[in-house]
């Protein structure tokens with residue numbers, strides 16, 4: 001008997017951003033195959049990428065720990081290895097006879113895309129099959145967006161096995177020690193209220209939203225004061241796969257049915273639930289819609305989706321303006337409060353996210369790539385497919401969406417009318433009366449002395465004048481938008497990436513293409 005025959009045969013279940021056991025097809029396939037090896041690889045090169053942060057690493061570590069606990073309840077456990085995935089697989093191939101690798105399809109950043117190509121190349125050289133399963137509405141090698149919405153709905157409706165059989169794993173599994181954040185170049189966390197990772201807490205978060213917190217979702221999602229509570233807060237659990245979007249969608253359908261039956265039966269039901277649950281459902285579909293864009297065109301992480309906008313901002317990047325924006329010292333209270341809140345909590349609602357990107361792109365005239373990388377690091381729920389598509393959309397470089405320039409002062413008055421959020425995160429404005437709180441630059445020197453807040457010392461002067469900055473931005477963005485090159489490029493972008501939900505045919509002469517859904521504004525505010 002040779003060395004190969006001595007090896008145990010098994011199936012490797014490769015966990016990536018799918019850290020759960022519920023609605024996990026690869027794990028089900030692995031358990032059915034007999035002996036299986038649940039594997040998570042800590043990849044140092046991944047954590048050294050410019051879009052990685054300590055908050056992501058902590059959330060991932062918590063989720064991996066919870067995954068191991070879940071697997072142990074089924075009789076298995078998780079093998080943790082550290083290093084390059086190809087090298088890890090190569091080592092495992094020396095320890096076991098790998099029958100196949102099973103995993104979910106991953107729509108991640110450019111680094112994970114290149115890594116998967118290397119993994120596929122190595123597996124083919126060894127003759128080892130790699131089976132990848134869908135875990136959301138994103139379709140690999142999609143030929144056309146026509147009919148995509150129906151395919152998404154069909155996938156969400158598919159039932160999945162809720163209770164896995166016992167899992168058999170090799171008796172001796174030698175895991176590597178979990179690396180310290182410092183060893184990976186990740187600094188200390190400044191977060192004070194970051195959500196904790198794991199499938200167990202993800203399921204609790206979903207349940208509390210659907211049963212208790214979500215009643216005022218539709219009305220309260222836009223204000224940073226109410227959104228913290230009424231939004232589902234499910235986004236980091238979806239981003240790391242602690243909860244599958246199909247599971248969330250099906251649980252949502254059950255809840256909508258309960259609300260409808262209670263209302264029809266005359267039971268006392270909060271009237272806000274129906275509209276709020278309908279709004280949440282639309283956000284779940286838009287979640288995958290934006291991820292599909294990155295799957296179909298991975299380069300949109302790095303370059304303008306509409307190439308007619310190349311050179312519009314790139315050569316005029318102002319690093320001082322960028323630093324003021326990133327550090328929350330632009331002189332616009334709501335902008336600064338949001339940026340400081342992100343540093344502490346690693347989450348802010350979608351309306352505020354859109355405003356932050358809009359301010360960077362139009363008021364400060366910053367190319368979207370650097371602001372996108374900064375926000376990727378401070379968003380605990382960073383999902384590359386949504387993130388880069390949204391940053392480009394809010395910056396006006398897709399050419400097919402309405403140019404939406406937010407007024408930070410109007411947003412402050414609309415969404416934080418009493419200044420509660422601003423005072424919470426900008427203590428230097430705590431004594432500023434409401435009539436000046438949203439526009440502190442209107443204070444005279446006597447006012448500044450009276451309220452103990454000197455502009456330029458305690459709180460910065462506003463970095464730009466709103467009216468002048470917006471006028472200059474509109475002149476430049478629309479000069480490109482009206483060009484023949486931009487219009488022709490927009491046609492191609494719309495054909496490849498546009499939603500077909502309410503538009504079955506392309507406009508013949510899209511002189512100034514508009515948004516897919518004119519009333520739609522908040523696609524990923526979970």
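With the requirement that a residue be on the phi < 0 side of the Ramachandran plot and either in a loop (DSSP other than H, G, I, E, B) or free of Cβ contacts under 8 Å to residues at least 60 places away in the same chain (or both), what does the stretch 25-48 give you? Once the filter is applied, which keeps residues that are on the phi < 0 side of the Ramachandran plot and either in a loop (DSSP other than H, G, I, E, B) or free of Cβ contacts under 8 Å to residues at least 60 places away in the same chain (or both), the stretch 25-48 yields 33, 39, 40, 41, 43, 48. Residues of the stretch 71-91 that are over 25 Å from the mean Cα position of the chain (by Cα), surrounded by 18 or more Cβ atoms within 10 Å (Cβ to Cβ) and part of a helix (DSSP H, G or I): 71, 88, 89.
Of all the residues in the stretch 459-480, those that are part of a loop (DSSP other than H, G, I, E, B) and either in contact with a strand residue (DSSP E or B) (Cβ under 8 Å, 6 or more places away or on another chain) or surrounded by fewer than 16 Cβ atoms within 10 Å (Cβ to Cβ) (or both) number 2.
How many residues are in contact (Cβ under 8 Å) with a residue 60 or more places away in the chain and either in contact with a strand residue (DSSP E or B) (Cβ under 8 Å, 6 or more places away or on another chain) or over 18 Å from residue 176 (Cβ atoms) (or both) if we restrict to the stretch 86-104?
Going residue by residue through the stretch 86-104, those that are in contact (Cβ under 8 Å) with a residue 60 or more places away in the chain are 89, 92, 95-104.
From what's left, either in contact with a strand residue (DSSP E or B) (Cβ under 8 Å, 6 or more places away or on another chain) or over 18 Å from residue 176 (Cβ atoms) (or both): 89, 92, 96-104.
Final tally of qualifying residues: 11.
Which residues, taken from the stretch 62-85, are over 19 Å from residue 169 (Cα atoms) and out of contact with any strand residue (DSSP E or B) (no Cβ under 9 Å at 6 or more places or on another chain)? If the condition is that a residue be over 19 Å from residue 169 (Cα atoms) and out of contact with any strand residue (DSSP E or B) (no Cβ under 9 Å at 6 or more places or on another chain), then 62, 63 are the ones that fit.
The residues listed here are 435, 423; of these, the one that is closer than 28 Å to residue 226 by Cα, outside the structural domain of residue 291 (by TED's automatic domain parsing) and surrounded by fewer than 16 Cβ atoms within 10 Å (Cβ to Cβ) is 435.
Cβ separations smaller than 6 Å between residues 6+ apart or across chains give the following pairs from the stretch 136-165 residues that are closer than 17 Å to residue 281 by Cβ to residues that are surrounded by fewer than 19 Cβ atoms within 10 Å (Cβ to Cβ) and modelled with pLDDT of 95 or more: 137/155.
Taking the numbered list (1) closer than 18 Å to residue 21 by Cβ; (2) touching a helix residue (DSSP H, G or I) at 6+ places or on another chain (Cβ under 7 Å); (3) outside any helix (DSSP H, G or I) in turn, residue 200 passes all entries but (3).
Looking only at the stretch 178-192, residues that are in contact with a helix residue (DSSP H, G or I) (Cβ under 6 Å, 6 or more places away or on another chain) and either under 27 Å from residue 22 (Cα atoms) or not in a loop (DSSP other than H, G, I, E, B) (or both) come to 1 in all.
Would a scan of the stretch 6-24 turn up a residue that is assigned to a helix (DSSP H, G or I), at negative phi and within 25 Å of the chain's Cα centre (by Cα)? No: the stretch 6-24 contains no residue that is assigned to a helix (DSSP H, G or I), at negative phi and within 25 Å of the chain's Cα centre (by Cα). Within the stretch 300-316, the set of residues being within 21 Å of residue 50 (Cα to Cα), touching a residue at least 60 places away in the same chain (Cβ under 8 Å) and surrounded by fewer than 20 Cβ atoms within 10 Å (Cβ to Cβ) comprises just one member, 302. Among the residues of the stretch 256-281, those identified as out of contact with any helix residue (DSSP H, G or I) (no Cβ under 7 Å at 6 or more places or on another chain) and assigned to a helix (DSSP H, G or I) are 257, 258, 260, 261, 262, 263, 264, 278.
Taken as a whole, the stretch 98-107 holds at least one residue that is touching a helix residue (DSSP H, G or I) at 6+ places or on another chain (Cβ under 7 Å), surrounded by 15 or more Cβ atoms within 10 Å (Cβ to Cβ) and not in a strand (DSSP E or B). Being over 17 Å from the mean Cα position of the chain (by Cα), modelled with pLDDT of 95 or more and on the phi > 0 side of the Ramachandran plot, is that true of even one residue in the stretch 404-413? So far as the stretch 404-413 goes, no, none of its residues is over 17 Å from the mean Cα position of the chain (by Cα), modelled with pLDDT of 95 or more and on the phi > 0 side of the Ramachandran plot. Taking the condition surrounded by fewer than 21 Cβ atoms within 10 Å (Cβ to Cβ) and within 18 Å of residue 230 (Cα to Cα), does residue 279 pass? In short, yes.
The values are calculated or read from the model by the stated rules, or taken from the named source; none is laboratory data. Since this is a predicted model, take the numbers as computed values, not measurements. No Cβ is skipped: glycine too gets one built from the backbone with ideal geometry, and neighbour counts run over all protein chains shown.
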